[in-house]
Amino acid sequence: MTRGVSVLFYLSIAALTCGMAYSVHPCQAGEPVWDCGRRTRRSFQNRLLAAGIFCILFWVSALRFDIGNDYGQYTQTAHEAYVGGYVVTEWGFNQLVRLLYWIVGGECYELVFAVFAFATLAIFLKAFARQSVSFGQTFFLFMTLGLYFQTFNTVRYYFALSVALFSMKYVLEKDYLKFVFWIVLAALFHKSVLLVLPVYWIAAFSWKRWQIAAGLAVSAACFLGKGLVLKLALVLYPSYRNTIYLEETGGSPISILRTLAVLVLYVWFIRTQQGRLSREELRAQEWYPELRFYAQLNLLALVTGTFFYFLPVVTRISYYFGVSQLFMVPLIVQNIKEEKVRRKTVAIIFAACVLYFVVFLLQAHEDGVRILPYRSWLFETERYTY
């Protein structure tokens, strides 16, 4: 496909799947999912729509060829893992590649990308269905903020990110055993996800103002001593030394602005709520601990992207925190009591996300993203060989 046709293709995929997602209506509280051993009509429709969304997104991802900034690097890494060469990827990825290649009797990197696409999308959609107050709104953010299309890049990382999002529910439920299990599982494929073990736990508590001030002071000190901090980071992650990842410093300006906008939305919402509720009544609301958790994660994302911009691939680190926006924004929207205000807020968010998506697609051919033009191995004679 040409770049222009590919943009139209991506827009069509986004429009179709978002329309399907908004047709998913969760069962009301107390409404049974099973009725006399059979699923209710609503449950059946929801599952059918979700399956349709999954199939569309999965096949677009699984059939891609040379899409993504590191597609070629992954094919070579998979080859080296299979033949027993030197690789810096985690044990889980290496063993999965060997298992898949053993099953098919030879090297087939297309299968590796397909398996990661399947697992990543399945976990993301499962998290949306069970944790978001609005599957449609969360899925809309997932598509228009470019997260789906970014899964074409750094497939190990986005698998870990999907697991991190999925695990947030266990933190909020204080089911730490399951939380640790899922994060350790994800770390077998991308060890950076281990960072969320202490961070998510800390974010679940209510922060006092002096604690926030102390955190900002420490962050500012790290910024001033960035040379020493960078050396420490390279000791912990020596595989980044003398690589292109050292050039990928600097938090994405558009991601920082997006996080700042979400935090402004949160502050506005809390202030309007405090206008009719006392502080004690506000904190007693059922939704407040969850919303506070997401807000504090986004504050961490903002601090990470601004004070620690000099660290390699800092955007990936901040995404572990900022991905909570997928749940946070719909939660705020749902709890705006005034219908007129809620409609205006939804309209503003919709317009901002569509604009963000258009800008994302206009830049999607550039190095660092490179998801345009779309190509499929079904129609390509070219192939990576080693």
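The values are calculated or read from the model by the stated rules, or taken from the named source; none is laboratory data. Source: prediction; values computed, not measured. Note that we place each Cβ from the backbone using ideal geometry, even for glycine, and neighbour counts take in every protein chain shown.
Sub-8 Å Cβ pairs linking a first residue in the range 77-90 that is within 16 Å of Thr154 (Cβ to Cβ) to a second residue that is small (Gly, Ala, Ser) and modelled with pLDDT of 95 or more, at least 6 apart or interchain, are Glu90/Ala187, ordered by first then second residue.
For the range 61-84, enumerate the residues that are among the small types (Gly, Ala, Ser) and over 20 Å from Lys191 (Cβ atoms). Those that are among the small types (Gly, Ala, Ser) and over 20 Å from Lys191 (Cβ atoms): Ser61, Ala62, Gly68, Gly72, Gly84. For the range 96-109, the set of residues classified as surrounded by fewer than 16 Cβ atoms within 10 Å (Cβ to Cβ) and in contact (Cβ under 8 Å) with a residue 12 or more places away in the chain consists of Arg98 only. Might you let me know whether the range 331-339 holds any residue that is closer than 23 Å to Arg292 by Cα, of a type outside the set (Val, Ile, Thr), surrounded by 18 or more Cβ atoms within 10 Å (Cβ to Cβ) and in contact with a Leu (Cβ under 8 Å, 6 or more places away or on another chain)? Yes, that holds for at least one residue. Screening the candidates Trp207, Trp201, Trp182 for the property of being outside any helix (DSSP H, G or I) and either in contact with a strand residue (DSSP E or B) (Cβ under 9 Å, 6 or more places away or on another chain) or surrounded by 14 or more Cβ atoms within 10 Å (Cβ to Cβ) (or both) yields one hit, Trp207. Selection of the range 116-132 for residues being surrounded by fewer than 23 Cβ atoms within 10 Å (Cβ to Cβ) and touching a strand residue (DSSP E or B) at 6+ places or on another chain (Cβ under 9 Å) yields an empty set.
For the residues Phe152, Phe93, Phe113, Phe135, the requirement of being outside the structural domain of Val323 (by TED's automatic domain parsing), surrounded by fewer than 23 Cβ atoms within 10 Å (Cβ to Cβ) and not aliphatic (A, V, I, L, M) singles out Phe93. The single condition from (1) at pLDDT 95 or above; (2) farther than 21 Å from Lys126 by Cβ; (3) surrounded by 24 or more Cβ atoms within 10 Å (Cβ to Cβ) that Thr304 fails is (1). Here the condition is being assigned to a helix (DSSP H, G or I), at pLDDT 90 or above and surrounded by fewer than 22 Cβ atoms within 10 Å (Cβ to Cβ); of Arg343, Arg316, it holds for Arg343 alone.
Criterion applied to Phe327, Phe293 was being part of a helix (DSSP H, G or I), at pLDDT 90 or above and either among the small types (Gly, Ala, Ser) or under 16 Å from the mean Cα position of the chain (by Cα) (or both), and the one residue passing it is Phe327. Annotation note: of Val171, Val163, the sole residue that is within 22 Å of Glu286 (Cβ to Cβ), touching a Phe, Trp or Tyr at 6+ places or on another chain (Cβ under 6 Å), β-branched (Val, Ile, Thr) and part of a helix (DSSP H, G or I) is Val171. Could you list all residues from the range 88-115 that are at pLDDT 90 or above, over 30 Å from Thr2 (Cα atoms) and touching a Ser or Thr at 6+ places or on another chain (Cβ under 6 Å)? The one that is at pLDDT 90 or above, over 30 Å from Thr2 (Cα atoms) and touching a Ser or Thr at 6+ places or on another chain (Cβ under 6 Å): Thr89.
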